[in-house]
Each structure stands twice: as structure tokens, then as C-alpha cells.
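The values are calculated or read from the model by the stated rules, or taken from the named source; none is laboratory data. It should be emphasised that the depicted structure is a prediction, and the values quoted were computed from it without experimental measurement. So basically every Cβ, Gly included, is an ideal-geometry build from the backbone, and we count neighbours across all protein chains shown. Heads up: the accessible areas ignore ligands, DNA and RNA and are worked out on the full protein's heavy atoms, side chains in. Shrake-Rupley method; radii C 1.70, N 1.55, O 1.52, S 1.80 Å.
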Amino acid sequence: MLRANIAVLVSGSGTNLQAIIDACRSGVIKSGEIKTVISSKEGVYSLERAKQNGIKSFCIPKKECASQKDFEHRLLEILKTQETDVIVLAGFMSILSADFVNQYKDRIINVHPSLIPAFCGDGFYGLRVHKAALDYGVRISGATVHYVNEITDGGQIILQKAVNIKKNDTPESLQKRIMERAEWVILPRATEMVCKKVLKEKSNG
Ligand code: GAR
């Protein structure tokens, strides 16, 4: 196998998905390719990005699923048929169960918009993270890419990048700067690191 099959899981606009697509093109990611994009929400721009880039996409509307188990069952079915090696959570707003993550141990990574262990865990997602950082008054925030385990934002850290907070920052301005300077940089790099590792493990049998 030359490249690991990547599944990118999304729930929103997908700027991080775009960063991975661009990195596959530029060669920052060379050990993996995006085989599929799976969204937990209908009508999100991530699905449009997949389409525009000729990537097979699926939508499993979480709100239409009978239970978390039902949602994860559908997800697993797609991941298996797509022969997924590495799962990248890129703005995926759903917590995965221990049962699920154990099936892809050290194969699932997530990008979180703060320097973990600050402003992370249950309830910290999207703009809420940046609001919490500004309310606390920290001078530095940033982004973290980490392995996903059964603890929300609790898996081993792969990469982090710090971003300075400016005097007049709003949650929106901080979110934008952290995305541009940190998330879109470290998520592709970490994706390459994990794909490379997975390929090596596979070739060693
Ligand atoms: C990103 O800032 C990502 O770090 C965050 O949601 C945004 C998604 O944007 N994720 C979390 O908060 C997860 N806890 P995108 O859809 O444009 O990539």
C-alpha cells in the first residue's frame, strides 16, 4: 500500500478539510489520501468542498439517528467499506463512544482550537472555546492536534501551535487567527505523521 486511506469527519464549513485537501495536493501529505468525507449534518459547506474536489462523501444526519449506537453503526459501515486507515475529525461536533474509538485505536485524530489542557473537554467547541479563553484573560492560545480516546480531548497530543491574543480580540477574530496560523498548519502535518506511521506498521505486518 502506497497511501493510507483517510476519512475526514466534519459537521460544518470545513476549512480544516480544505487545508487537508490542499496539503494532499501540495505534497505536505504524501503518505495518505482522502478517500471519503463524512458529515454528521446535512447541507454543510464541507459536503460542497468534497464534491468540488471529486471526493466521495456521505451524510449521516445525527439528529435523524435513533441513538448514538445507531449513528456509530452507520459510521462504521461506511468506514469499513471505504477501507479507512486513518480518521481525521475536522470540526466534527459529535463525541464518539469508547466502543467506537477502541476499534480505531491510535488511528483517529482531532483538531481542537486551544492549547490543551486549557479550554477543552465536554462543552468546549467552536466559538465557545475562544470566548472562554478571552473571558479567562489568557495572553496566548492556539490549537492542538491529538489522538482521540474515550476522554473528550484527552488523548495523546501530537502537535500544538501557539497564537498570541490581541487586545481587542473577539471570539470571532481569535477563531479566525487560530485557524489560519495554527489549525490549518498543524492538522495537515499531524495527518501526514499518522498516515506515515500507519503505513509503516502495515508494512511491518
Ligand atoms: C475549528 O475551529 C475546529 O478546531 C473546531 O471547530 C472549527 C471547525 O471549523 N473544533 C472543535 O471545537 C472541536 N472541539 P471548520 O469546519 O471550518 O474546519
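Is there a residue in segment 62-71 that is without any contact (Cβ under 8 Å) to a residue 60 or more places away in the chain, within 15 Å of the ligand (Cβ to nearest atom) and either in contact with an Asp or Glu (Cβ under 7 Å, 6 or more places away or on another chain) or not acidic (Asp, Glu) (or both)? Yes, the conditions are met somewhere in segment 62-71. Select from segment 1-29 the residues that are of a type outside the set (Ser, Thr, Tyr), more than 18 Å from residue 108 (Cα to Cα), modelled with pLDDT of 95 or more and open to solvent by 50 Å² or more (accessible area, probe 1.4 Å) and list them in ascending order. Passing the criteria: 22, 25, 28. Can you spot a residue in segment 43-59 that is over 16 Å from residue 6 (Cβ atoms), in contact (Cβ under 8 Å) with a residue 24 or more places away in the chain and in a loop (DSSP other than H, G, I, E, B)? Within segment 43-59, one or more residues are over 16 Å from residue 6 (Cβ atoms), in contact (Cβ under 8 Å) with a residue 24 or more places away in the chain and in a loop (DSSP other than H, G, I, E, B). If you go through segment 176-205 and keep only what is open to solvent by 50 Å² or more (accessible area, probe 1.4 Å) and either more than 20 Å from the chain's Cα centre (by Cα) or over 17 Å from residue 29 (Cβ atoms) (or both), you end up with 176, 180, 181, 200, 201, 202, 203, 204, 205.
Quick check on segment 71-78. Is at least one of its residues touching a strand residue (DSSP E or B) at 6+ places or on another chain (Cβ under 7 Å) and surrounded by 14 or more Cβ atoms within 10 Å (Cβ to Cβ)?
Taking every residue of segment 71-78 in turn, at least one turns out to be touching a strand residue (DSSP E or B) at 6+ places or on another chain (Cβ under 7 Å) and surrounded by 14 or more Cβ atoms within 10 Å (Cβ to Cβ).
Check off (1) part of a helix (DSSP H, G or I); (2) within 24 Å of residue 24 (Cβ to Cβ) for residue 132 and give me the number that stays unchecked. Just one mismatch for residue 132, condition (2).
Go through (1) of a type in the set (Gly, Ala, Ser); (2) under 24 Å from residue 198 (Cα atoms); (3) within 17 Å of the chain's Cα centre (by Cα) for residue 40 and report which single condition fails. Residue 40 satisfies all of (1) of a type in the set (Gly, Ala, Ser); (2) under 24 Å from residue 198 (Cα atoms); (3) within 17 Å of the chain's Cα centre (by Cα) except (2).
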